[in-house]
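The values are calculated or read from the model by the stated rules, or taken from the named source; none is laboratory data. Given the structure is predicted, the values throughout are model-derived calculations rather than measurements. For neighbour counting, all protein chains shown are included, and Cβ atoms are generated from backbone atoms with ideal geometry for every residue, glycine included.
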Amino acid sequence: MGTTFLPVASLVTGVGGRDGWMSVLPGFAVGIPYSLMILSLSEQYPRKNLLQISEAVFGKWIGKSLGFYYTLIVVYLGGLLLGQIGDIYQASTMPVTPLWVFFLGGIFLVLFLIKSGIEVFARFSEVVFPLIVIALLLNVGLSVPRIEQGELLPILSEGFKPIFLGATKVIPFVMTYMLFLAGIIAFLPTGKQELSQLKTGVWRIIFLVGILDTFVVLIQLLIFGPAETIRIVYGLLVLGKLVEVSRTVAGVESLFLGVWLSAAVIKIGSLFYAVIWGLESVFGLKGVNWRHAIAVVFLGIAFRFVRGPSLIIEIGLVDEYLIMPFVSLWIPILWGVSRWKRGAGI
Amino acid sequence: MKTDRSKEQKFILILTVFACLLFLTGCWGKKEVEDLAPLLGIGFDVGEKPGTFLITQQFARPKKDSSTGSEIEDRTFSIEASSSREAFEKLSKVTYRTPFMGSLKVIIFSEDVAKAGGFNNMLDFAQRYAEFRRSMYLVLAKGKAQDILNLKLRSGLIPAMAIKSNIEGGDEISIFPTVRLGHYLTILGTKSTAPILPVVESVKSGEDMEYKADAKNEAGEIRIQSAGVMRGDNLADFLTDEETKGYMWLENDVIHRLINTVDLEENSVKFGGQVLESRTKYKVKTNNEKKELQYQIKTSIAIDEILGLKKQLSGPEWVELVKEAEKDFAKVIEKECESSIKKQRELGLDFLGIGRHIEQKNSAYWKTIKDQWEEEIADFSVSIEVKVTIHHSGMSSSSATNLVGEGQD
């Protein structure tokens, strides 16, 4: 799920207008064939990640080049997202706290999770995910009294084009998840029954996240209208400020922000793991010192983008122009070539 | 190997504790509640120097001799500045408390500021700075905003809080629009709809009502009535009370209303009542090859006052009277709506959001007229269909009457 729920409304409404909310689920659904291809490759090459499989399928140098690019983009995005923690907190609730506090705090949490191992990381995600879902549902549900009349209408006045355009903004998020899945498959069981469970899990989680993010976009559209949804940088944070129960409970946005922080830590942690796997696969670099080096690089990137607007634009560019084209081609080609090779007996 | 691992664990643990200390104390942005000055209202007037505003800020401070501990007094400052931030900077030089914007309830724009433009510039701080909430109310002031915020109200309420309470109790009478900052910004985003803001004014004794004022010639009461229509960044005109009431019906904003037929000349029996519920729907239909927006208002009313009823009614007469009341109330509602539509045509401003309604119901047609919508407003056909249902006529079927000949006309 990552932190997609923060920028998704502004992005899809920006290109899809009033109908942008309908593009979220189809955009996420693109992840299903990609996930199934990755699981199919995992079945064929058990206990190997996609970088190792690429080397086996395409040969050493192409595989290493792909791995190098993979490592570069995950380290860059990870650093940018670390920077985004600072941007979110400073812009919304802690305006005078220095950015380095957020960067260091965030990277320490990530390092601690990484240090504890992939299983603890998975357990942490397992615990935090329901909290994120509950917080999202509460935020959406408690914002209902603020809905403006008729903001949803007209529906499909521009045909299906907005859905297609909106989906192009959601697909980069899905492709980022594929980067993590590409690495973590080496740790997943490859038995027939487990693979079948994993495939079912893929369908389930993609639809769950897709539906949740659809709600997040929909509620912002209904409350802010399309023009405001596009203009507000972090619409969900503004919604959090609007939550008021019986004119008594208000100002609970900090509670929501705490949950969003854990979501960000999971996403940065997953990218941190992706960097570790990249370094191991491409350069054979392992060990604690390299982890600390990665943390320093993450911090360096975060400090490089202390200017909020530049950071947000850069994340968009990385998602759209570095990650999406790469993953959308790499995985199908790898899967296709591997199937062809198996068929041809090479 | 084991020692290395344990050292590393210790190191990370220390770093995590350090991070927690940094995060959890809130040391950078920490402010004790007694060091905060909760902002309740801001008023904008035109400043004396060109390009400046007279910005009035009303803060709450706890009452020293309060028996409950929850009573507050106001601390109000007026500062001439060219931006909100400049005003807060000047204010910080004289106050020892830090202004807290999260408690802001109402922003008041004087008539002159609204007419002069630059309205949206003044709102930018409120929509951008994270401490503010979009749920605050916006109002226009007849006269100066500073005068409104400096009123000594007979109720003892701070003016900003009195305005907030009046607005929040507005559902009972539904005669003025409730405009929060978020709603205003959403309307701005539609482009075709002209924003509308409720009007607040002070009421001196003798102006519509009389009361025993604390000081001679000074207003001790506050009233929200009617609304102002914006053209872009400027106030275009004020609506009358009747036009605003029409707006409320057409916008489906009537929750409850107190309504009477006293102004209807054709009937000798007059009714007063309370709207229990109301629903306004609209549809775009074609009439003689011309498009038309039809409003359908369905409302339920309880009669609680009948004037001019001179005899005791039989059962069938009672039913007839109620049917007559339904027609009369419908006429009043129609009249209010028509006056609002007439005003919209005169101004050439779509404050009723008719363009948005057309877009919602027939987007294909809207695309053909949206570019020349401003010219279309004056001629676009609108019809109103009102259906009133009287739920009951109160606790009695007839009014109390004397015997014939004893004081009867």
* Structure fact -> Screening B:Leu276, B:Leu309 for residues that are over 16 Å from B:Glu336 (Cβ atoms) and either hydroxyl-bearing (Ser, Thr, Tyr) or modelled with pLDDT of 90 or more (or both) leaves only B:Leu276
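Please work out which residue is surrounded by the fewest Cβ atoms within 10 Å (Cβ to Cβ), limiting yourself to region B:321-341 and to residues that are small (Gly, Ala, Ser) and closer than 22 Å to B:Leu235 by Cα.
Applying the filter and picking the extreme gives B:Ser339.
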* To do: Tell me, please, whether a residue that is away from chain B (no Cβ under 12 Å) and either among the charged types (D, E, K, R) or under 16 Å from A:Ile147 (Cα atoms) (or both) can be found in region A:247-264.
  => no
* Structure fact -> How many residues of region B:111-135 are crowded, with 22+ Cβ neighbours inside 10 Å and under 15 Å from the mean Cα position of the chain (by Cα)? The answer is 1
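With a cut-off of at least 1 residues that are in the same structural domain as B:Lys152 (by TED's automatic domain parsing) and touching a residue at least 60 places away in the same chain (Cβ under 8 Å), name the strands (runs of 3 or more DSSP E) lying wholly within region B:176-288.
Numbers: elements: B:196-203, B:221-231, B:234-239, B:257-260, B:270-287.
The qualifying strands (runs of 3 or more DSSP E) are B:196-203, B:221-231, B:234-239.
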* Can you name the number of the only condition in (1) surrounded by fewer than 15 Cβ atoms within 10 Å (Cβ to Cβ); (2) free of Cβ contacts under 8 Å to residues at least 40 places away in the same chain; (3) not aromatic (Phe, Trp, Tyr); (4) not in a loop (DSSP other than H, G, I, E, B) that B:Gln344 fails? -> (1)
* Give region A:57-87 a look and list any residue that's crowded, with 17+ Cβ neighbours inside 10 Å and over 22 Å from A:Ile114 (Cβ atoms), or say none. => A:Val57, A:Phe58, A:Gly63, A:Lys64, A:Leu66, A:Asp87
* Only residues in region A:159-187 that are over 22 Å from A:Leu322 (Cβ atoms) count as the first member; pair them with residues that are surrounded by fewer than 23 Cβ atoms within 10 Å (Cβ to Cβ) and of a type in the set (A, V, I, L, M, F, W, C), Cβ under 6 angstrom, at least 6 apart or cross-chain, and list the lot. => A:Ile163/A:Met22; A:Phe187/A:Ile118
* To do: Taking the options A:Glu280, A:Glu320, name whichever one is among the acidic types (Asp, Glu), under 23 Å from A:Tyr34 (Cα atoms) and modelled with pLDDT of 90 or more.
  => A:Glu320
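In region A:184-203, which residues are part of a helix (DSSP H, G or I) and within 17 Å of A:Ala122 (Cα to Cα)?
A:Ile184, A:Ile185, A:Ala186, A:Phe187, A:Glu194, A:Gln197, A:Leu198, A:Gly201, A:Val202 - these are the residues of region A:184-203 that are part of a helix (DSSP H, G or I) and within 17 Å of A:Ala122 (Cα to Cα).
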* Asked: Among the residues of region B:171-195, which ones are more than 14 Å from chain A (Cβ to nearest Cβ) and touching a Ser or Thr at 6+ places or on another chain (Cβ under 9 Å)?
  -> B:Ser174, B:Ile175, B:Phe176
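Each row is one residue, and each column tells you yes or no for (1) surrounded by fewer than 17 Cβ atoms within 10 Å (Cβ to Cβ); (2) among the hydrophobic types (A, V, I, L, M, F, W, C); (3) under 22 Å from A:Gly225 (Cβ atoms); (4) at pLDDT 90 or above.
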| position | (1), (2), (3), (4) |
| --- | --- |
| B:Thr193 | no, no, yes, yes |
| B:Ser202 | no, no, no, yes |
| B:Tyr211 | yes, no, no, no |
| B:Val262 | yes, yes, no, yes |
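Of everything in region B:209-229, what is closer than 28 Å to B:Arg180 by Cα and not hydrophobic (A, V, I, L, M, F, W, C)? Give them in sequence order.
Of region B:209-229, the ones closer than 28 Å to B:Arg180 by Cα are B:219-229.
Those that are closer than 28 Å to B:Arg180 by Cα and not hydrophobic (A, V, I, L, M, F, W, C): B:Gly220, B:Glu221, B:Arg223, B:Gln225, B:Ser226, B:Gly228.
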* Could you please tell me which pairs satisfy a Cβ distance under 9 Å, a separation of 6+ or placement on different chains, a first residue in region B:87-102 that is of a type in the set (Asp, Glu), and a second residue that is surrounded by 15 or more Cβ atoms within 10 Å (Cβ to Cβ)? => B:Glu89/B:Ala81
* Which of (1) more than 8 Å from chain B (Cβ to nearest Cβ); (2) over 28 Å from A:Val217 (Cα atoms); (3) more than 18 Å from the chain's Cα centre (by Cα) is the odd one out, the single condition A:Leu113 does not satisfy? -> (3)
* Structure fact -> All-but-one check, A:Glu43 against (1) closer than 23 Å to A:Ser328 by Cα; (2) at pLDDT below 95; (3) crowded, with 21+ Cβ neighbours inside 10 Å; (4) not basic (Lys, Arg), failing number (3)
* Taking interchain pairs and intrachain pairs at least six residues apart, which have beta carbon atoms under 7 angstrom, with the first residue in region A:216-232 and without any contact (Cβ under 8 Å) to a residue 12 or more places away in the chain and facing chain B (nearest Cβ under 8 Å) and the second in a helix (DSSP H, G or I) and surrounded by fewer than 20 Cβ atoms within 10 Å (Cβ to Cβ)? -> A:Ala227/B:Gly189; A:Glu228/B:Gly189
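Consider A:Thr176 carefully, then state whether it is outside any helix (DSSP H, G or I), among the hydroxyl-bearing types (Ser, Thr, Tyr) and within 22 Å of A:Tyr34 (Cβ to Cβ).
Numbers: outside any helix (DSSP H, G or I): no; among the hydroxyl-bearing types (Ser, Thr, Tyr): yes; within 22 Å of A:Tyr34 (Cβ to Cβ): yes.
So A:Thr176 fails the test.
For region A:129-154, how many residues meet the condition of being within 18 Å of the chain's Cα centre (by Cα) and surrounded by fewer than 18 Cβ atoms within 10 Å (Cβ to Cβ)?
Within region A:129-154, residues that are within 18 Å of the chain's Cα centre (by Cα) and surrounded by fewer than 18 Cβ atoms within 10 Å (Cβ to Cβ) number 4.
When you go through B:Ala145, B:Ala141 one by one, which is the residue that is surrounded by 19 or more Cβ atoms within 10 Å (Cβ to Cβ) and farther than 30 Å from A:Leu239 by Cβ? Reasoning before the result, please.
Details: B:Ala145 fails: farther than 30 Å from A:Leu239 by Cβ.
Result of the check over B:Ala145, B:Ala141: B:Ala141.
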